[in-house]
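Please read the structure below before turning to the comments.
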Amino acid sequence: MLELKNLCVSAQSEGGKTEILKNISLQVESGKFLVVTGPNGGGKTTLARTIMGIMPAESGEIVLDGTDLTDLDITARAKAGVSYAFQQPPRFKGMKVKDLLEIAAGKALRLDESCAFLTQVGLCASDYIARDVDGSLSGGEVKRIEIATILARGSKLMIFDEPEAGIDLWSFARLTETFRQLHARGDVTIIIISHQERIIRLADEVLLIAGGQIRDRGPADKILPMILSDTVVGCNMLDQEAGRC
Amino acid sequence: MLTDIQKQILARVADMKDTAPAHTAVNIRTNGQKAYRSQGEHIKIESKTDRDGIDIRIDPGTKGEKVYIPVVVSASGFQDMVYNDFYVGEGADVEIIAGCGIHNDGCDESRHDGIHTFYLEKNARVTYIERHYGEGSGTGKNVLNPQTVLYLKQGATVTLETSQIGGVDDTKRYTKIVCEGADSEAIIHEKLLTQGDQTAVSEMDVILNGENSKTRVISRSVAKENSVQTFYPRVEGNNACFGHVSCDSIIMGNARVKSIPAIACNHVDAGLMHEAAIGKIAGEQILKLKTLGLTDAEAEEKILEGFLR
């Protein structure tokens, strides 16, 4: 089980300290599929990066299956079973797709094993396995390779940050099927940051984060109608200054 | 008879486990002397009579044969200069494995200056692999100053893969390729690693005289600690031709890298471009690999390994 206890994260800005996550407490049972959604700038990516250890928590605790991760660095958290697919994955000149998959797996992979991971993200393995993970790949291709590395890593907690971003409709359908199959295995806790209804509907539970706080939590059938009814977002300035925004 | 140290260096710079593969043209030079020579079926090696060095003659139409001409300097303080000329016959397609390793346990400077000149006849294809490496417990410098000059006739193609894989204190590399014939092509992959107080200068002139001649220059380097690197890749287009120069360097510690590419178009149908980038390892790259379970040091090693592959 993943437990977040009173998690607070702040960043220093020109105007002083800005609170990004405000006292987040959360429990995710092992094997569950949680989708985190909410407006841009609400703290979703910060939450994911704080669990991975990329961003430091100002206060609070992060516990995975009884192991306190709070004071562990990124590498130690990765070894403790946390993995995180970046929203904007970096590229590596000279590093092959196969190399990256093997680093993720922590061992040499047979060709069929590497291919299986790529196929699960909708990439034709023979076209990609020997390619460099560099600027010659499109944003959508790099994104799918990133997801393949998380599958190769095989951690017990997998966090995906907007996996659908930049991915075409055909590949997206393949990807949702991969997430569904991963969940059906029952041995992986999945957290996906997403705005896509198809992904939200796969989840056991949906967490709505806005303004650095958990606004609501529940099954997709409860949260989705709330999101959809709230899609016409007003601008406060319009009310205040009579349309001069 | 080669010593164990010499054999180890040969393995590093020429992938040679023993003296030579069978039925292959091989010339091993150690401390300025011929240590071993064998002739290939269609490739002959002869000593020069007017100065130190060898002539390598590759018969027209030779396909798939290799030539090994590694050099080992293991006597501290030894200064070596050699002239090697390659005559590659029409339509030949061969691989030439050169390279030099220095083992210096003394306090004097060890140095090897190799001047290689290639003459490629019509439609000849050459892959030239050159690895430079230095080692040893002494305080004497390991210095390598290679000059590689190539003349390409119509339809000839050369692929140069040069790498300096560590331990060389000073290097001044000069490469000149003249694509004289129509449809000739030169591809250059250069890899360079410097550390400590090492310095490296790589100067290059590619002259595209032939119609539809082409060149691609891909230079990758890593400069660590206090080392200094300077690159001068220059391409000149004197006919309808295409050239692309790409120089990428990773800089670490207090190292300094200067890249000064130059392209000159002297014909309206010459298309030349260059790009150069110097920067440290991106923080996100390290973070990404740490999330896959690597430490900072392991992540850095993997990034550099890929970059210099």
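Of the residues A:L118, A:L151, A:L109, only one is in a helix (DSSP H, G or I), away from every other protein chain (no Cβ under 13 Å) and in contact with a Phe, Trp or Tyr (Cβ under 9 Å, 6 or more places away or on another chain); which?
Numbers: A:L151 fails: away from every other protein chain (no Cβ under 13 Å); A:L109 fails: in a helix (DSSP H, G or I).
One residue alone meets the criteria, A:L118.
Going by the structure shown, is A:L123 away from every other protein chain (no Cβ under 14 Å), in contact with a helix residue (DSSP H, G or I) (Cβ under 6 Å, 6 or more places away or on another chain) and surrounded by 15 or more Cβ atoms within 10 Å (Cβ to Cβ)? Quick ask: steps written out before the conclusion?
Details: away from every other protein chain (no Cβ under 14 Å): yes; in contact with a helix residue (DSSP H, G or I) (Cβ under 6 Å, 6 or more places away or on another chain): yes; surrounded by 15 or more Cβ atoms within 10 Å (Cβ to Cβ): yes.
The answer is yes for A:L123.
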*Could you list, in sequence order, the residues of segment A:46-101 that are acidic (D, E) and either within 11 Å of another protein chain (Cβ to nearest Cβ) or in a loop (DSSP other than H, G, I, E, B) (or both)?*
A:E58, A:D65, A:D71, A:D73, A:D99
*When segment B:237-258 is examined, which residues are found to be assigned to a strand (DSSP E or B), crowded, with 20+ Cβ neighbours inside 10 Å and modelled with pLDDT of 95 or more?*
B:G237, B:C241, B:G243, B:V245, B:S249, B:I250, B:V257
*asked:* Just checking, does segment B:218-230 include any residue being more than 14 Å from chain A (Cβ to nearest Cβ), touching a Cys at 6+ places or on another chain (Cβ under 7 Å) and crowded, with 20+ Cβ neighbours inside 10 Å?
replied: no
_Tell me which strands (runs of 3 or more DSSP E) are completely within segment B:1-62 and hold 3 or more residues being surrounded by 15 or more Cβ atoms within 10 Å (Cβ to Cβ) and not hydrophobic (A, V, I, L, M, F, W, C), or say none if there are none._
B:25-30, B:33-38, B:53-58
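Are any residues in segment B:89-114 in a strand (DSSP E or B) and touching a residue at least 60 places away in the same chain (Cβ under 8 Å), and if so, which ones?
In the first step, residues of segment B:89-114 are kept if they are in a strand (DSSP E or B); the result is B:93-97, B:100-103, B:110-114.
Of everything in segment B:89-114, those that are in a strand (DSSP E or B) and touching a residue at least 60 places away in the same chain (Cβ under 8 Å) turn out to be B:I97, B:C100, B:G101, B:I102, B:H103.
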*Taking B:R111 and the conditions (1) over 15 Å from the mean Cα position of the chain (by Cα); (2) under 19 Å from B:V13 (Cβ atoms); (3) surrounded by fewer than 21 Cβ atoms within 10 Å (Cβ to Cβ), which numbered condition does it fall short on, given that it satisfies the others?*
(3)
*segment A:121-135, residues that are more than 18 Å from A:S171 (Cβ to Cβ) and either among the hydroxyl-bearing types (S, T, Y) or in a loop (DSSP other than H, G, I, E, B) (or both)*: A:A130, A:D134, A:G135
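Just to be sure before I move on: is B:N123 touching a residue at least 12 places away in the same chain (Cβ under 8 Å) and part of a loop (DSSP other than H, G, I, E, B) in the structure I sent?
On the way: touching a residue at least 12 places away in the same chain (Cβ under 8 Å): yes; part of a loop (DSSP other than H, G, I, E, B): yes.
Considered against the rule, which asks whether it is touching a residue at least 12 places away in the same chain (Cβ under 8 Å) and part of a loop (DSSP other than H, G, I, E, B), B:N123 comes out as yes.
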*Can you confirm whether segment B:279-299 contains a residue that is assigned to a strand (DSSP E or B) and surrounded by fewer than 14 Cβ atoms within 10 Å (Cβ to Cβ)?*
yes
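Restricting attention to segment B:68-85, and to residues there that are in contact (Cβ under 8 Å) with a residue 40 or more places away in the chain and surrounded by fewer than 24 Cβ atoms within 10 Å (Cβ to Cβ), which single residue is farthest from B:L10 (Cα to Cα)?
Let us first name the residues in segment B:68-85 that are in contact (Cβ under 8 Å) with a residue 40 or more places away in the chain, namely B:68-78, B:80, B:82.
Within this subset, residues satisfying the condition of being surrounded by fewer than 24 Cβ atoms within 10 Å (Cβ to Cβ) are B:74-78, B:80, B:82.
Working: B:S74: 11, B:A75: 15, B:S76: 17, B:G77: 19, B:F78: 18, B:D80: 17, B:V82: 18 Å.
Selected residue: B:G77.
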_Close pairs from segment B:288-304: first more than 9 Å from chain A (Cβ to nearest Cβ), partner in a helix (DSSP H, G or I) and of a type in the set (A, V, I, L, M, F, W, C), Cβ under 9 Å, at least 6 apart_ = B:E300/B:I286; B:E300/B:L289
*Taking B:K280, is it farther than 17 Å from B:H189 by Cβ, basic (K, R) and either in contact with a Lys or Arg (Cβ under 8 Å, 6 or more places away or on another chain) or within 10 Å of another protein chain (Cβ to nearest Cβ) (or both)?*
no
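Quick check: is even one residue across segment A:47-65 without any contact (Cβ under 8 Å) to a residue 12 or more places away in the chain and out of contact with any Lys or Arg (no Cβ under 9 Å at 6 or more places or on another chain)?
The initial filter retains those residues of segment A:47-65 that are without any contact (Cβ under 8 Å) to a residue 12 or more places away in the chain, namely none.
For segment A:47-65, residues without any contact (Cβ under 8 Å) to a residue 12 or more places away in the chain and out of contact with any Lys or Arg (no Cβ under 9 Å at 6 or more places or on another chain): absent.
Filter segment B:259-271 down to residues that are assigned to a loop (DSSP other than H, G, I, E, B) and either touching a residue at least 40 places away in the same chain (Cβ under 8 Å) or not aliphatic (A, V, I, L, M) (or both), then give me how many there are.
Step one: list which residues in segment B:259-271 are assigned to a loop (DSSP other than H, G, I, E, B), which gives B:260-261, B:266-269.
Among the residues that remain, those that are also either touching a residue at least 40 places away in the same chain (Cβ under 8 Å) or not aliphatic (A, V, I, L, M) (or both) are: B:261, B:266-267, B:269.
Final tally of qualifying residues: 4.
The values are calculated or read from the model by the stated rules, or taken from the named source; none is laboratory data. Keep in mind it's a predicted model, so treat the numbers as computed, not measured. When we count neighbours, we look across all protein chains shown, and the Cβ atoms used for this are built from the backbone with ideal geometry, even at glycine.
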